[in-house]
Amino acid sequence: MSASFLSPSHLELRARARAAFVPLEPQGHVSDAQLRDEVARLGFYPYLVPSQFGGVLPKVDVLSLCVLREELAYRNAAADSLYAVQGLGSHPVLLAGSDDQKKLHLNRVARGECLFAFALTEPEAGSDVANLSTRAEKTSGGWKLTGQKKFISNAGVASHYTVFARTGAGPKGISAFIVAAEAKGFRVSRQMELLGEHPIGELVLDGAEGELLGEEGQGMKLALGTLDIFRSTVGAASVGMARRALDEALSYSKSRKQFGAPLSELSAVQALLADSAVELEASRLLVHQAALTKDQGQARVTYEAAVAKLFSTEAAQRIIDRCLQIHGGNGVVKGAAVERLYRDVRALRIYEGASEVQRLVIARHLLG
Ligand SMILES: Cc1cc2nc3c(=O)[nH]c(=O)nc-3n(C[C@H](O)[C@H](O)[C@H](O)COP(=O)(O)OP(=O)(O)OC[C@H]3O[C@@H](n4cnc5c(N)ncnc54)[C@H](O)[C@@H]3O)c2cc1C
């Protein structure tokens with residue numbers, strides 16, 4: 001067996017998750033709300049918070065999150081996104097919330113009694129997030145937020161939104177707030193339908209009440225600190241999708257016969273399978289390396305996570321494309337697992353920083 005970054009407890013978690021996630025295999029239409037409840041019932045939310053707040057481990061273990069996201073994405077991309085965004089939205093509370101905010105929200109996250117979203121992107125501020133224009137104004141009783149957010153995963157099913165809004169000028173004039181879904185002046189203005197399965201939508205804030213997280217002006221630091229953890233887990237999700245595609249292609253190539261023999265006996269098909277296996281193994285190593293570097297105490301892993309996300313999401317697209325090719329016409333029939341994976345994997349090269357932005361981050365690190 002190959003050497004691995006995974007400890008016996010990670011391997012145990014992987015085996016448990018692999019068995020638990022089988023029922024997530026897509027079978028017909030399931031609403032976002034049904035999926036939200038199903039993911040909560042699986043009971044893996046405690047991995048998103050430390051044991052002090054109902055979690056399993058003393059601190060959030062990024063490698064465990066990578067193990068979980070690989071297994072979730074292997075089965076169901078929408079379930080993977082739902083789970084990951086609960087972490088993305090609630091992590092700023094862990095980083096900067098008051099004792100009361102942490103106690104209240106994080107225990108509920110662990111029990112799956114609430115669902116968080118992470119609301120940073122706006123119609124005019126995507127890759128250039130520091131240019132966001134949603135503003136927060138101090139009132140006698142707290143803060144009121146006004147603006148629009150776009151591409152917000154978990155919109156419509158979340159109970160709480162971590163919203164980034166302007167309290168001053170420039171990147172240091174951005175602060176983070178918790179906005180409850182039922183807050184007056186808050187609404188999900190549109191549920192978006194994407195190429196792949198993904199609960200997502202747009203938000204309108206019209207004087208919506210928000211609770212400040214941490215200090216004024218800390219918003220960008222909190223957003224970047226959170227993305228630093230979750231970016232390697234996006235890579236893990238792409239590994240899960242690619243592994244599923246390879247499993248599908250292995251099985252199909254052994255059963256489909258052409259020219260009197262299974263496709264798997266054709267050297268051209270074997271080369272497609274071999275190239276896919278090599279890229280899959282390399283992706284997982286990079287993802288686990290970035291996660292472990294964080295877990296071993298390195299404060300920021302911006303470079304390692306960018307390398308892992310860039311390589312693994314781009315490789316997953318190539319792997320899934322090859323595996324679909326092995327299926328011939330059957331690969332593009334709606335409902336085939338590879339057809340679904342082909343659609344689901346595409347967004348991973350865009351969200352949490354497009355590949356081109358990851359290249360910039362990597363180059364900046366190299367050039368100093
Ligand atoms: C499925 C999905 C889920 C998402 N979930 C969330 C969420 O939960 N919360 C949230 O806040 N946001 C979310 N987003 C938004 C996501 O983070 C943005 O889409 C992403 O940052 C890119 O922004 P944009 O779409 O506005 O593209 P733009 O910023 O307009 O960029 C378009 C393209 O231009 C190129 N480009 C841009 N900037 C540069 C640069 N500096 N150098 C080189 N090339 C560049 C890239 O090719 C990029 O893909 C999600 C997006 C998707 C697709």
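Each label was represented as a point 7 Å from its Cα along the Cα-to-Cβ direction; for Q52 and S127 these points are 3.8 nm apart. A protection proxy built from the mean count of other Cβ atoms within 10 Å ranks the segments 38-44, 290-296, 102-108, most packed first, as 290-296, 102-108, 38-44.
Accessible area per residue for region 221-367, computed on protein heavy atoms with a 1.4 Å probe, is 45 Å².
Quick one: length gained pulling L11 to R187 fully straight, 0.36 nm per residue minus the C-alpha distance?
Taking 0.36 nm per residue and subtracting the Cα distance, the gain is 59.2 nm.
Kindly identify region 109-212 as rounded, prolate or oblate by the Cα gyration tensor criterion: order the square roots of the eigenvalues as a ≥ b ≥ c, call it rounded if a/c is under 1.5, otherwise compare a/b with b/c, prolate if a/b is larger, else oblate. Oblate shape, in that a/c is at least 1.5 and b/c is the bigger or equal ratio. All Cα-Cα distances of the chain, cut into 20 Å bins from zero to the largest, leave 30, 57, 12, 1 percent in each bin in turn.
I320 contributes an accessible area of around 0 Å² to the protein surface, as traced by a 1.4 Å probe with all chains present. With contributions of -39500 (n - 2.57) from each DSSP H run of at least four residues, the per-residue ellipticity at 222 nm computed over the chain stands at -17000 deg cm²/dmol. Taking label points 7 Å from Cα along the Cα-to-Cβ direction, A19 and S4 give a separation of 1.5 nm.
Residues of region 68-91 falling in the label zone of Q27, defined by backbone nitrogen less than 19 Å from a point 7 Å along Cα to beta-carbon, are 72-80. Derived scalar couplings between HN and Hα for region 268-282 equal 5, 6, 4, 5, 4, 5, 5, 4, 5, 4, 4, 5, 5, 4, 5 Hz in order, rounded to whole Hz, by the Karplus curve 6.51 cos²θ - 1.76 cosθ + 1.60 (θ = phi - 60°), x for Gly and Pro. Could you give the nm distance between label points at D99 and E113, where each point is 7 Å from its Cα heading toward the beta carbon? For the pair D99/E113, the computed spacing is 2.0 nm.
Coordinate range of the alpha-carbon atoms in region 221-367 per principal axis, descending: 60, 26, 26 Å. Share of region 37-184's accessible area from carbon and sulfur, percent, 1.4 Å? About 49 percent, which is the carbon plus sulfur part of the accessible surface.
With 25 Å as the limit on Cα-Cα distance, the pairs of K103/K150; K221/K294; K59/K138; K59/K221; K102/K294; K59/K309 that go past it are K103/K150; K59/K138. Find the centroid of the Cα atoms in region 237-279 and in region 24-45, then give the distance between the two in whole Å. The distance from the Cα centre of region 237-279 to that of region 24-45 comes to 29 Å.
Taking amide H atoms as placed 1.01 Å from N in the peptide plane, the amide H of A117 lies under 5 Å from those of H160, Y161, T162, each 5 or more residues away in sequence or on another chain.
Restricting the trypsin sites (Lys or Arg not before Pro) of region 295-334 to loop positions (DSSP other than H, G, I, E, B) with no more than 14 neighbouring Cβ atoms within 10 Å leaves R300, K334. For the peptides 232-244, 60-72, the ranking by packing is 232-244, 60-72, with the highest mean count of neighbouring Cβ atoms within 10 Å listed first.
Available extension along the chain between Q296 and I362 is 21.6 nm, counting 0.36 nm per residue and deducting the alpha carbon span.
Among 246-259, 144-157, the peptide with the highest mean count of other Cβ atoms within 10 Å heads the list, and the full ranking is 144-157, 246-259.
Computed from Cα positions, the angle between helix 355-367 and the longest principal axis of the chain comes to roughly 80 degrees.
Ratio of Rg to Rh for region 190-279: 1.26 [Cα atoms; Kirkwood radius as inverse mean 1/r over pairs].
The values are calculated or read from the model by the stated rules, or taken from the named source; none is laboratory data. Here the structure is a predicted model, which means the values were calculated and not measured. Please note: Cβ atoms are built from the backbone with ideal geometry, for glycine as well, and neighbour counts cover all protein chains shown. SASA here: full protein model, heavy atoms, side chains in, ligands and nucleic acids out. Shrake-Rupley method; radii C 1.70, N 1.55, O 1.52, S 1.80 Å.
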